[in-house]
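Quick notes on the structure that follows.
The values are calculated or read from the model by the stated rules, or taken from the named source; none is laboratory data. Computed from a predicted structure; not experimentally measured. All Cβ positions, even for glycine, are placed from backbone atoms using ideal geometry, and neighbour counts span all protein chains on display.
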Amino acid sequence: MLDYRPFDSLGRMDINWLSARYHFSFANYFDPARMGWGPLRVWNDDKIRPRTGFDPHPHRDMEIITYVRTGAISTRITLATRAARKRGKFR
């Protein structure tokens with residue numbers, strides 16, 4: 001089943017360092033009809049201001065996929081491993 005959702009209709013949060021769009025209910029956006037799709041629970045489109053980001057926080061029982069469209073992003077995983085991703089490549 002295809003479900004066309006214009007980008008402007010997605011849930012949203014805009015703060016000084018983050019512009020987020022939510023495809024499913026997440027954070028301050030709640031839509032009981034959009035609670036996920038099968039095992040996929042979260043799908044966000046985030047724009048993060050350079051040299052900022054999320055404070056360290058845990059993720060339990062989930063896989064996280066980050067697709068970088070421009071720039072680079074660093075991720076610190078709670079197991080003390082570290083990865084830097086640049087336009088879809090690990091370095």
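So which strands (runs of 3 or more DSSP E) are wholly in the stretch 8-91 and hold at least 1 residues that are at pLDDT 90 or above and either loosely packed, with under 10 Cβ neighbours inside 10 Å or of a type outside the set (Lys, Arg) (or both)?
Numbers: elements: 11-15, 18-22, 44-48, 72-76, 82-86.
In the stretch 8-91, 11-15, 18-22, 44-48 are the strands (runs of 3 or more DSSP E) which contain 1 or more residues that are at pLDDT 90 or above and either loosely packed, with under 10 Cβ neighbours inside 10 Å or of a type outside the set (Lys, Arg) (or both).
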What pairs can you find where one residue is in the stretch 32-49 and aromatic (Phe, Trp, Tyr), the other is surrounded by 14 or more Cβ atoms within 10 Å (Cβ to Cβ), and their Cβ atoms are less than 9 Å apart, with a gap of 6+ or different chains?
TRP37/HIS23; TRP37/PHE24; TRP37/TRP43; TRP43/TYR22; TRP43/HIS23; TRP43/PHE24; TRP43/PHE26
Being outside the structural domain of SER74 (by TED's automatic domain parsing) and touching a helix residue (DSSP H, G or I) at 6+ places or on another chain (Cβ under 8 Å) is the requirement here; does ARG34 meet it?
no
